[in-house]
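The values are calculated or read from the model by the stated rules, or taken from the named source; none is laboratory data. Everything numeric in this text was worked out from a predicted model, so none of it was measured. Here the Cβ positions follow ideal geometry from the backbone for every residue, glycine too, while neighbour counts run over all protein chains shown.
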Amino acid sequence: MGYHSLVFLSLLVLAVGGGAALAEAIPGGWSPIKNVTEPHVVEIAKYAVREYDKRSGAKLKLVKVVKGETQVVSGTNYRLVLAAKDGSATANYQAVVWEKPWLHFRNLTSFKPLLS
Ligand SMILES: *[C@@H]1O[C@H](CO)[C@@H](O)[C@H](O)[C@H]1NC(C)=O
Ligand SMILES: *[C@@H]1O[C@H](CO)[C@@H](O)[C@H](O)[C@H]1NC(C)=O
């Protein structure tokens, strides 16, 4: 790895680490989900995969939720990293689901493969 990519990588780590610290300090920021095996979190992940399959025609199946964060914004935004199976290949995806439980409203706002 060259010098420049090392510098870039260090900056990236700083930026990501700093962002996480900020998220805890700022209201409306993202906070980590402590227990990603909680039934509601798993349900949100299942919804995300189901909705993505419906919209895209893919046939992904949820394997597990790897990690996630939530943000309070007139309801809750869930930003989850989840493992899903596409046939026999398992890959990680990032899904964002917005939920307003009192309106029974849920929407998948983003779903994309994560480069690992
Ligand atoms: C996480 O949630 C699951 C399901 O509710 C529960 O069985 C498990 O004990 C929890 N783990 C921790 C560390 O709280
Ligand atoms: C749900 O999210 C998608 C993608 O961001 C958006 O196009 C759509 O309008 C949203 N639907 C509702 C009901 O908010």
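State yes or no: is Val42 at pLDDT below 95 and in a helix (DSSP H, G or I)? It is false that Val42 is at pLDDT below 95 and in a helix (DSSP H, G or I).
Results for (1) aromatic (Phe, Trp, Tyr); (2) closer than 26 Å to Gly28 by Cβ; (3) touching a His at 6+ places or on another chain (Cβ under 8 Å), shown as yes or no for each residue.
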position: Tyr47; (1), (2), (3): yes, yes, no
position: Val63; (1), (2), (3): no, no, no
position: Lys85; (1), (2), (3): no, no, no
position: Pro101; (1), (2), (3): no, yes, no
position: Thr109; (1), (2), (3): no, yes, no
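Of the residues in the range 54-75, how many are within 20 Å of Ala89 (Cβ to Cβ) and polar (S, T, N, Q)? Total meeting the criteria: 1. Considering the range 63-110, the residues that are among the basic types (Lys, Arg) and touching a Ser or Thr at 6+ places or on another chain (Cβ under 9 Å) include one that is nearest to Val42 (Cα to Cα), namely Lys64.
Considering each residue of the range 85-106 in turn, none proves to be assigned to a strand (DSSP E or B), in contact with a strand residue (DSSP E or B) (Cβ under 9 Å, 6 or more places away or on another chain) and within 16 Å of ligand 1 (Cβ to nearest atom).
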